[in-house]
Amino acid sequence: MEDFEILKEVQGIVGDLNPQWLNCNDEDIEGHGCFRGQGYVGQSMFFVGHHCAFWIVILCETGRFAFKELPSESLEAFAPLILDAKRIFVKFTRHYRITEFIAIQEKECPC
């Protein structure tokens, strides 16, 4: 599936969960995605379908969504990392596909 087709699929999932989350992405999606970005994650969710799984995030500052397509078999290993992180920072492409992320976990210094 092409990036734009996958983006439309994720858009449908996000719209089913909360149509307000689509408002920040609408203009960019209709223009086939012209916004690249990064930011801290405010909400994080996993969607598992018949043939794929997605990690979908809503950014704190902008309310935009971004996503990462996951092989279903890697979800079990990936999910605890995300769930245990206190903060998550993502970078994404013009098609809102997450390319990099940092899962920040608070640690206690020994000093």
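The values are calculated or read from the model by the stated rules, or taken from the named source; none is laboratory data. As the structure is a computational prediction, the values presented were derived from the model and not from experiment. FYI the Cβ positions are ideal-geometry reconstructions off the backbone, even for glycines, and counts take in every protein chain you see.
Quick notes on this one:
Residue-wise test of (1) out of contact with any Phe, Trp or Tyr (no Cβ under 8 Å at 6 or more places or on another chain); (2) at pLDDT 90 or above; (3) within 18 Å of Leu17 (Cβ to Cβ).
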{"site": "Arg36", "(1), (2), (3)": "no, no, no"}
{"site": "Gln43", "(1), (2), (3)": "yes, yes, yes"}
{"site": "Ile56", "(1), (2), (3)": "no, yes, yes"}
{"site": "Arg87", "(1), (2), (3)": "no, yes, no"}
{"site": "Thr99", "(1), (2), (3)": "no, yes, no"}
{"site": "Cys111", "(1), (2), (3)": "yes, no, no"}
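- Taken over segment 5-34, the criterion of being out of contact with any strand residue (DSSP E or B) (no Cβ under 8 Å at 6 or more places or on another chain), at pLDDT below 85 and not in a helix (DSSP H, G or I) is satisfied by Asn23, Gly31, His32, Gly33, Cys34.
- Looking across segment 58-85 at every residue that is of a type in the set (Val, Ile, Thr) and under 16 Å from Trp21 (Cβ atoms), the one that is modelled with the lowest pLDDT is identified as Thr62.
- Number of residues in segment 61-100 that are under 21 Å from Val48 (Cα atoms) and touching a residue at least 40 places away in the same chain (Cβ under 8 Å): the value is 11.
- Selection within segment 44-59 - more than 16 Å from Phe78 (Cα to Cα) and surrounded by 13 or more Cβ atoms within 10 Å (Cβ to Cβ): Ile58, Leu59
- Strands (runs of 3 or more DSSP E) lying entirely in segment 60-111 (those with 1 or more residues that are touching a Leu at 6+ places or on another chain (Cβ under 6 Å)): 98-104
- For segment 88-104, taking the residues that are under 15 Å from Ser44 (Cα atoms) and among the basic types (Lys, Arg), the one that is farthest from the chain's Cα centre (by Cα) is identified as Lys91.
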